Amino acid sequence: MKKLALILLVVFIGCSIDEETADPILCTDDLRPGLEITVRDNTTDAILVEGVTIVATDGDYSETLQNTANSDTFVGAIERRGTYFITITKEGYQAFSSTVPIIVDADLCHVILESRTFLLQSN
């Protein structure tokens, strides 16, 4: 009888543990950007990287987006939700400031990447 009670206890505990971990959410440890911006010349459609500065602003927070080596895009807002306005400057081009915000949201683990392309007009 003691063996039966012990077996039932083990089965009950085992089932309880399984129910608590059913469909666990497994998040990765990597950091993900919320913004990915591409800049192009409005006449030639050429991608602009060299000398481009992109600043994302969310209220009092602002961040200069970074271009990584061998990439045509600028990224930022690493794991940061927010409502961002974008300002882009480059010598020889008119400065651009977005009027429509980019809203970066998140799921249970990471921010959800928002990708945009903006065109700059030369002077």
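Which of the residues spanning segment 98-123 are among the charged types (D, E, K, R) and part of a loop (DSSP other than H, G, I, E, B)?
D105, D107 - these are the residues of segment 98-123 that are among the charged types (D, E, K, R) and part of a loop (DSSP other than H, G, I, E, B).
How about segment 73-97: which of its residues are assigned to a loop (DSSP other than H, G, I, E, B) and surrounded by 12 or more Cβ atoms within 10 Å (Cβ to Cβ)?
Matches in segment 73-97: E79, R80, R81, K90, Q94.
Tell me whether segment 20-31 contains one or more residues that are aliphatic (A, V, I, L, M) and part of a strand (DSSP E or B).
no
Can you name every residue in segment 27-61 that is over 22 Å from I102 (Cβ atoms) and in contact with a Gly (Cβ under 6 Å, 6 or more places away or on another chain)?
Matches in segment 27-61: none.
Quick check on T87: is it free of Cβ contacts under 8 Å to residues at least 24 places away in the same chain and of a type outside the set (D, E)?
Considered against the rule, which asks whether it is free of Cβ contacts under 8 Å to residues at least 24 places away in the same chain and of a type outside the set (D, E), T87 comes out as no.
Give the residues of segment 47-67 that are under 12 Å from I37 (Cα atoms) and not in a strand (DSSP E or B), sorted by residue number.
L48, V49, V52, L65
Looking at this structure, is V39 touching a strand residue (DSSP E or B) at 6+ places or on another chain (Cβ under 6 Å) and either at pLDDT below 95 or part of a loop (DSSP other than H, G, I, E, B) (or both)?
Criteria not met by V39.
The values are calculated or read from the model by the stated rules, or taken from the named source; none is laboratory data. What you see is a predicted model; the values in this text were computed from it and never measured. We place every Cβ from the backbone using ideal geometry, glycine too, and count neighbours over all the protein chains shown.
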